[in-house]
1. If you rank Met222, Met416 by fewest surrounding Cβ atoms within 10 Å, what's the result?
2. Check Leu189: other-chain or 5+ apart residues with amide H under 5 Å from its amide H, H built from backbone geometry?
3. Less than 15 Å Cβ to Cβ from Thr369, Lys/Arg counted +1 and Asp/Glu -1: what total charge do the surrounding residues give?
4. Rounded to whole Hz and in sequence order, give me ³J(HN,Hα) for the range 312-322 from the Karplus expression 6.51 cos²θ - 1.76 cosθ + 1.60, θ = phi - 60°, writing x for Gly and Pro.
5. What order do you get for 45-52, 353-360 when each peptide is scored by the mean count of other beta carbon atoms within 10 Å, highest first?
6. Mind checking the angle between helix 397-432 and the chain's longest principal axis? C-alpha axes, 0 to 90 degrees, to the nearest 10.
7. What is the chain's relative contact order, in percent, from Cα pairs under 8 angstrom and six or more apart in sequence?
8. What is the antiparallel percent of DSSP beta bridges lying wholly in the chain, to the nearest 5?
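What follows draws every value from the coordinates through simple rules; no lab data is involved. Because the structure is predicted, anything quoted here is derived from the model rather than measured. As a convention, Cβ positions derive from the backbone with ideal geometry for all residues, glycine included, and neighbour counts pool all protein chains shown.
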Amino acid sequence: MSHNKIILGVAILLSASFTSEAQDKVLTLQDAINLSIQNSKNLKISNARIEEATAVVKEATDSRLPDFKISGSYIRLNNANIDMKSASQGSSNGGGTPSINQAVYGIANISLPIYTGGKIKYGIESARYLEKATRLDAEKDKTEIIFNTTKAYINLYKAFQAVVLVKENLQSSLSRDSNFANLEKNGLLARNDLLKSQLQSSSIELSELEAANNYKIATVNMNLMLGLPEQDPIMIDTSFINSSRELKTFEEYEDIALQNRKDIQAAALRKKAAESNIRSAKAEAYPNIALTGGYIAADIPHFISITNAVNIGIGIQYNLASLWKSNTRLQKAKAQEKQAIAGQDILNDAVRLSINQDYQNYLLSLKKTELYEKALVQATENYRITNNKYNNSLVTLTDLLDANVAKLQAKLNIAMAKADAVLAYNKLLQTAGLL
């Protein structure tokens, strides 16, 4: 049976083990990434943070608009004793005092800021920087989701390949057991050799059970990540393993990372926001000037009635206490700027280190793949020679079984190495801000 037919047969069996009614789904890596982005709970949180940051910008922008306040009141009074004095005589008013037991008044005030020392301007500027930084954070979260999906997809591929290879080896081992059983019945093979072969088949069968269990767990993990029913079968597209990969120089990846990384761009924006906060805090030392206007209406029965009392003017407000009080807001803003600068430097160093690690890890994965490919050729040839020698009674059955195990391990190693190389390359792209 060819390797491709075995893969197809294993895929059908694994799908049937999840549910007999479900239809097989061929899920490409790009399909998986699209689903994970669409259903990611982390991205929903990121979008909510963007909405919050946008609301803060709107709140800061609204500070430039006029404030308009209306107040009114109805007051009920008891029968107060009112003694009105004459301004000229300082004696009681002979005309009698009015009976006042209620009052109604209404006030409308409008105030439009004209000059605030830059407090509003820099507050808006800072809020916009932070909004942009929040959007970049969401882009970074999206990149992490893409990489995590790729990692889960590759883990599913590795689990699937383990099942395929172990099952292929088990079928070969069971076929050998059948041949050995016939030889043993005819007295052409020692009973002990048959038992050794059957013991290896049992060991391979246990490995198959473990591999199938790992595949099921990897499938559940993939489904949960994609927002699909956890028991749905997934048929992966293995063509991604042979996708072309262009490798740049280390210096190119480092330069690209320092320019493209969303977290580095977000850190730069937060530094600018801190600088704007400093300018906004310094504006506390300047007076506030506003255009003001108002309207007053009042009615006190038997005493006074006021209508059309409209006023307009310019108001100025200056907190003289700012001359001797510490501007704690300015101190906080300067401390935040220092934190932003230090955080930016730490992040740059971390990115450089990550680029170094990921670049070397990818080169190592390529070297491992190359060595495992050589080892597979050697193990295959060794098994062929050992099998020929065994057929000519030149080696023991133990030697043949060991050669078979070595060949299986070599196949597993090359399959895992190829998958690890793809993952290492995607990790390098993520670190460089290219994923």
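1. Met416, Met222
2. Glu184
3. +4
4. Using θ = phi - 60°, the values come out as 8, x, 10, x, 10, 9, 9, 8, 5, 5, 5 Hz.
5. Values: 45-52: 13.6, 353-360: 16.6.
Output ranking for 45-52, 353-360: 353-360, 45-52.
6. Helix 397-432 and the main axis of the chain meet at about 20 degrees.
7. This gives 23 percent for the chain.
8. If we restrict to bridges inside the chain, about 95 percent are antiparallel.
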